Structure formats: C-alpha cells, structure tokens
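These notes concern the structure reproduced below.
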C-alpha cells in the first residue's frame, strides 16, 4: 500500500469533487441527471443504434431541445449529453448545420497519417478522425464546442473514448506517437476539465450546480483532470472477463491505480443479437447490476447498443419497482458517500488514501 500511496502522490490527487456528488444548494431532486447521449441523432449500423459523431443537437431527433432542458431543470433535473475526441464526415446526414470534421480538417487540428492527411481509423462500424490535442488550437476549438453545449443549458457530458491514438500517427508536437498514446487520454480529460473550471469561474455557480463530465480512458495523471470515471462498455452478461463480475474487479483494481470515483453502466452495454450468438440483458442481470451500482459513486443506467434486445429498468412493474428500491438505497448512504468522496479531493491532506470508495465495502 505504501507503493500505491507514493505512486498517487507522484501522479497527483483527484481534483475538485464533481458537482453531481455534492448536495444541491437548493435540493429538490438532488443529483438527478438524465443522460441524453443521442442528442446528436441516431444512425443504424451493424453494431446497432449508434450516434452521429458531430457534436451539435439534431433538431429533428430533439425538437425543442432548449425547451426540454429548461423544463427538466425547472423540475430539478439536469441534462447531460455525450461527446468524444473523434469526428466523422457528415455527407450522409442531411440535417447537419455544422460539419465539424470539415472544419477541423480545414484548421489542420486532426491527427494525421504518414501522407499528411487526416488519419481515418476504423471505430466500431465506421471510420473516424481524432483531434490532435498536442496542438493548442485543437484544445481551444473543442472548448468552443463544449461552450455551445453549456450555453444551451447542458449540465455535463460523457467524455467517451480517447484510448485509440494510432501508433503510426503524425502529431502537431512532433512527438513519438507510441509515447503519446498513453498521454492522449490525459490531454482529453484536461481539455474537458479546463473548460468546466473556466465555465464555473465565469458563471459563478454554486458548488453543487457546476458542470460535470466522466471519462473512460485514462493514464497515470488522469485523476488530476477527470471528475469521474466509468468502466466503459461491458457485455450484458454474467462473465468474469467482461460482464458484471468484471465491473466489480475494475472498481477495486481501478482504486489501487488512483481511480477512486468510478462506476459502470447498470446492466452493461454491449449487446449481441445474432442467430448463432446472443448476449441480451435479462431481467435478473439488470436487477443484480442495479444492486451493485447502488453502492458506487454514481448510480446510472444505460439502454445498451441494442435497446430493443435488452431488459430495461422501465420494461415492467418489477424492474421499475426494483430500480426505485436501488435508487432509494443509493440515496440512503449519501452522507457516508460524501465523506468518502471528500477523502479524494484537495480539501484533505495528501497523506489520505486514494483508493476506490468501493473498497470501504470489501
């Protein structure tokens, strides 16, 4: 444990505690947020239901977007969205107002291949380009994208991906892409954190009312920048290697690696529904996973990449009642959770432990 503590002192302790785990200044439904990951519109692919990676609201998919955010906020619910450091050409999307890939390409802020062209990488069912955050202009440009989200009333976002920098890429900094590969998630988290802090400073909002984001990719100093982590896309299964069991192992081993504020998608994400290979979320799996996540720092569900193939918390009266029960359990230990979260923030001394809060239940 002494080695772990020394490693965390070297890498840096977790930054300002995320607003979503603070008690609200004017609580009505404290900490309640809805993740509208599909705010950019949906596309059907071989993987299932996926998103258009062009970070602007799809007005056809969400007609009256600002009104929705305002109405939810009036009822004490904050809205979160989704983004990642990749962009795709929008030639197939007829209602795009901005073509962010083309903008970034014109500005020269994309990761490039050996020919000096944007490096198009296969990712799930389509090819994507990555922003080159070794270029300060890329960071400034993306902060503008985040500002557009916040100006519409969004209170946070899932900052996905960041782990896929190609090992033969050409970067603005000229550094070795192999060495930069693990550093890229830190740069990605830093861009998001800097904007969140800048927004809070400008807006002068209460501690419980700021922006919050969570990441899945990380490296040695990620805890210095990321507000929250989540464990990525587990299979909707009982598997030990990539299912509900792996989510528990990930929480504990992540804590030893300096990732204290972590969680998973309740029920998993990756769904396979083929004639000869099927991984579909059962009611039993969803209920047991909700019970696990009621004792993590964030209690959050996800429909998965094939929502129609999975049991959802709203599927029937049993799942809805169990979701309500687990949410009440999550609420019941709020005071204890807040004390554990404070251990991992600058308001405590550097000698405090920096392990996962879930290790308290070991």
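The values are calculated or read from the model by the stated rules, or taken from the named source; none is laboratory data. The shown structure was predicted, so the numbers you read here are calculated from the model rather than taken from an experiment. Glycine also receives a Cβ, built like all others from the backbone with ideal geometry; neighbour counts cover every protein chain displayed.
Miscellaneous remarks
- Leading residue by the ranking (surrounded by the most Cβ atoms within 10 Å (Cβ to Cβ)) among those in the stretch 194-217 that are out of contact with any helix residue (DSSP H, G or I) (no Cβ under 7 Å at 6 or more places or on another chain) and closer than 21 Å to residue 251 by Cβ: 214
- Scope the stretch 314-362; condition modelled with pLDDT of 95 or more and over 16 Å from residue 298 (Cα atoms); matching residues: 314, 315, 316, 317, 318, 319, 320, 321, 322
- Meets criteria (surrounded by fewer than 21 Cβ atoms within 10 Å (Cβ to Cβ), in contact with a strand residue (DSSP E or B) (Cβ under 7 Å, 6 or more places away or on another chain) and touching a residue at least 12 places away in the same chain (Cβ under 8 Å)) for residue 82: yes
- Of the candidates 128, 191, 154, the single residue that is buried (at least 19 other Cβ atoms within 10 Å of the Cβ), within 15 Å of residue 214 (Cα to Cα) and either modelled with pLDDT under 95 or touching a strand residue (DSSP E or B) at 6+ places or on another chain (Cβ under 8 Å) (or both) is 154.
- Pairing residues of the stretch 122-138 that are at negative phi and in contact (Cβ under 8 Å) with a residue 60 or more places away in the chain with residues that are outside any loop (DSSP other than H, G, I, E, B) and buried (at least 16 other Cβ atoms within 10 Å of the Cβ), at Cβ distances under 7 Å and at least 6 apart in sequence or on separate chains, gives 125/50; 128/86; 128/87; 128/121.
- Single unsatisfied condition, residue 39 versus (1) in a helix (DSSP H, G or I); (2) at pLDDT 95 or above; (3) in contact with a helix residue (DSSP H, G or I) (Cβ under 8 Å, 6 or more places away or on another chain); (4) surrounded by fewer than 18 Cβ atoms within 10 Å (Cβ to Cβ): (4)
- Unmet criterion (only one of (1) in contact with a strand residue (DSSP E or B) (Cβ under 9 Å, 6 or more places away or on another chain); (2) surrounded by 19 or more Cβ atoms within 10 Å (Cβ to Cβ); (3) assigned to a loop (DSSP other than H, G, I, E, B); (4) modelled with pLDDT of 95 or more) for residue 247: (3)
- Scope the stretch 47-65; condition without any contact (Cβ under 8 Å) to a residue 40 or more places away in the chain, part of a loop (DSSP other than H, G, I, E, B) and buried (at least 19 other Cβ atoms within 10 Å of the Cβ); matching residues: 58
- Of the set (1) at pLDDT below 95; (2) surrounded by 15 or more Cβ atoms within 10 Å (Cβ to Cβ); (3) within 20 Å of residue 159 (Cβ to Cβ), all apply to residue 93 but (3).
- Complete set of residues in the stretch 194-217 that are out of contact with any strand residue (DSSP E or B) (no Cβ under 8 Å at 6 or more places or on another chain), within 24 Å of residue 264 (Cα to Cα) and at pLDDT 95 or above: 217
- Residue identified as assigned to a loop (DSSP other than H, G, I, E, B), buried (at least 16 other Cβ atoms within 10 Å of the Cβ) and at pLDDT below 95 among 224, 220: 220
- The set of residues in the stretch 281-323 that are buried (at least 19 other Cβ atoms within 10 Å of the Cβ) and free of Cβ contacts under 8 Å to residues at least 24 places away in the same chain contains only 303.
- Hey, residue 162 touching a strand residue (DSSP E or B) at 6+ places or on another chain (Cβ under 9 Å), under 16 Å from residue 259 (Cβ atoms) and part of a loop (DSSP other than H, G, I, E, B) or not: yes
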